[in-house]
Amino acid sequence: MNRRVAFPFLTLSDAAVDASPWSVALDGGEWLPAGDFLPDWDYASTIRLRRQLRIDREIASADLGISANELSLSLGLRLGTGQGRLPRLLVHQEDREIPAAREAALELEVSGDRLSAVLDIFTEIMLSTRPSTRDLLAPSRAGDRLWHDRQRIRLEGEEPRFPIEVADLGTLLADATAASAPWYLHWSPRDWRRDFHGAIRLYLNADRAEFIKKIEQQDPQTLQALMADVMGQVCERLVTDPSADEIIAQSDHGSLAAQAAAWLRQAWPGKDRDFVHSVLDNRPGVFRSAFLALAEPREE
């Protein structure tokens with residue numbers, strides 16, 4: 001537990017709490033220690049998590065200045081996701097009483113379509129009920145936090161991914177011409193501040209079996225053309241927005257605007273938005289070709 005914070009009451013020492021590391025299983029696979037990065041995750045995955053906690057009654061009683069008979073504790077678990085120092089979205093929350101045996105088993109399942117970039121796991125032990133007798137510095141209110149730890153598991157590399165699904169574009173778009181396209185990118189320039197994962201979705205045309213097969217086989221040229229279109233659409237709309245500079249300045253890490261700005265910096269290092277806008281206005285072919293080059297698949 002982080003001891004840099006000075007609480008106004010006594011807290012549990014690490015000796016009082018025996019907490020096993022988190023284990024993770026992806027899509028029903030084998031249990032593995034949860035590290036800083038979870039490879040092979042995607043939005044269709046299911047993540048299972050588990051750990052064990054055991055509290056030494058005698059040490060806890062001495063740590064807190066509360067008799068063992070009156071010591072009542074509860075366990076809190078919070079799962080968050082999204083880029084940034086703090087989770088952008090809370091996807092799971094639970095509180096439970098710790099039984100008299102002072103042992104608790106945590107196991108839960110999280111659907112990948114609710115996650116983005118990072119899985120943030122916060123565990124805490126709290127005082128459950130106010131003791132009738134206690135030391136002067138003992139915790140006194142239900143909900144006082146006595147111990148906590150945090151695990152952050154990165155789900156993505158530097159380039160964020162976005163949901164991809166096969167769809168009937170004729171039904172989805174109700175447009176005869178657009179319905180014959182191999183793919184459709186669903187997004188809105190009103191969503192600049194939204195998390196990149198939630199703001200963009202790519203639909204593959206269900207009638208294009210050969211194209212879908214190439215995507216599944218990760219054909220480099222197909223993926224390059226597709227990703228270049230994604231970059232080009234989003235970045236073109238951003239540089240033509242009159243409030244582009246303000247949008248970028250106010251964007252949070254992991255947002256649609258922040259990702260578009262990162263692509264622009266990669267394509268034109270050291271150039272400002274006005275320069276990129278002039279490229280788009282005067283040499284639109286160069287503008288699009290820059291993203292086609294940027295989207296070229298690279299060896300891991």
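State all residues of the range 256-297 that are among the small types (Gly, Ala, Ser) and touching an Asp or Glu at 6+ places or on another chain (Cβ under 7 Å); if no residue qualifies, say none. Steps first, please.
So in the range 256-297, the residues among the small types (Gly, Ala, Ser) come out as 257-258, 260-262, 267, 270, 278, 285, 289-290, 293, 295.
Ala258 - this is the single residue of the range 256-297 that is among the small types (Gly, Ala, Ser) and touching an Asp or Glu at 6+ places or on another chain (Cβ under 7 Å).
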(message) Going by what's in this entry, would Arg130 be described as at pLDDT below 90 and in a strand (DSSP E or B)?
(response) no
(request) Evaluate the range 183-196: report whether one residue or more is farther than 25 Å from Asp272 by Cβ, open to solvent by 60 Å² or more (accessible area, probe 1.4 Å), hydroxyl-bearing (Ser, Thr, Tyr) and out of contact with any helix residue (DSSP H, G or I) (no Cβ under 9 Å at 6 or more places or on another chain). (result) no
(message) Residues that are farther than 16 Å from Glu103 by Cα, without any contact (Cβ under 8 Å) to a residue 40 or more places away in the chain, open to solvent by 10 Å² or more (accessible area, probe 1.4 Å) and out of contact with any strand residue (DSSP E or B) (no Cβ under 7 Å at 6 or more places or on another chain): does the range 36-52 have at least one?
(response) yes
(message) Restricting to the range 218-256, count the residues that are closer than 14 Å to Leu185 by Cβ and within 22 Å of the chain's Cα centre (by Cα).
(response) 5
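From the residues in the range 92-105 that are on the phi < 0 side of the Ramachandran plot and buried (at least 18 other Cβ atoms within 10 Å of the Cβ), which one is nearest to the chain's Cα centre (by Cα)?
Here is the first cut: in the range 92-105, the ones on the phi < 0 side of the Ramachandran plot are 92-101, 103-105.
Cutting the leftovers down to buried (at least 18 other Cβ atoms within 10 Å of the Cβ) gives us 98, 104.
Working: Ile98: 29, Ala104: 26 Å.
Here the residue is Ala104.
Does Asp274 qualify as being within 24 Å of the chain's Cα centre (by Cα) and charged (D, E, K, R)? Steps first, please.
Details: within 24 Å of the chain's Cα centre (by Cα): no; charged (D, E, K, R): yes.
So Asp274 fails the test.
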(request) Return the pairs, sorted by first residue and then second, in which the second residue is open to solvent by 90 Å² or more (accessible area, probe 1.4 Å) and not hydrophobic (A, V, I, L, M, F, W, C), the first residue lies in the range 237-256 and is in contact (Cβ under 8 Å) with a residue 60 or more places away in the chain, the beta carbons are less than 9 Å apart, and the residues are 6+ apart or on different chains. (result) Asp252/Arg193; His253/Arg85; Ser255/Arg193; Ser255/Arg194; Leu256/Arg193; Leu256/Arg194
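Residues Leu108, Leu89: which one is open to solvent by less than 30 Å² (accessible area, probe 1.4 Å), in contact (Cβ under 8 Å) with a residue 60 or more places away in the chain and within 30 Å of Asp40 (Cα to Cα)?
Values: Leu89 fails: open to solvent by less than 30 Å² (accessible area, probe 1.4 Å).
The match here is Leu108.
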(message) Can you find, within the range 162-182, the residue that is surrounded by the most Cβ atoms within 10 Å (Cβ to Cβ) among those that are farther than 23 Å from Cys235 by Cα and within 27 Å of the chain's Cα centre (by Cα)?
(response) Ala167
(request) Name the residue, out of Ala257, Ala262, Ala225, that is of a type in the set (A, V, I, L, M), closer than 22 Å to Ala117 by Cα and either open to solvent by 10 Å² or more (accessible area, probe 1.4 Å) or in contact with a strand residue (DSSP E or B) (Cβ under 6 Å, 6 or more places away or on another chain) (or both). (result) Ala262
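Taking Gly232 as the residue in question, decide whether it is closer than 23 Å to His197 by Cα and not acidic (Asp, Glu). Walk me through it before giving the result.
Details: closer than 23 Å to His197 by Cα: yes; not acidic (Asp, Glu): yes.
It is true that Gly232 is closer than 23 Å to His197 by Cα and not acidic (Asp, Glu).
The values are calculated or read from the model by the stated rules, or taken from the named source; none is laboratory data. Predicted model, so just to flag it, every value in this text is computed and none were measured. Note: ideal-geometry Cβ built from the backbone for every residue, glycine included; neighbour counts use all protein chains shown. Note: areas computed on protein heavy atoms with side chains; ligands, DNA, RNA excluded. Shrake-Rupley method; radii C 1.70, N 1.55, O 1.52, S 1.80 Å.
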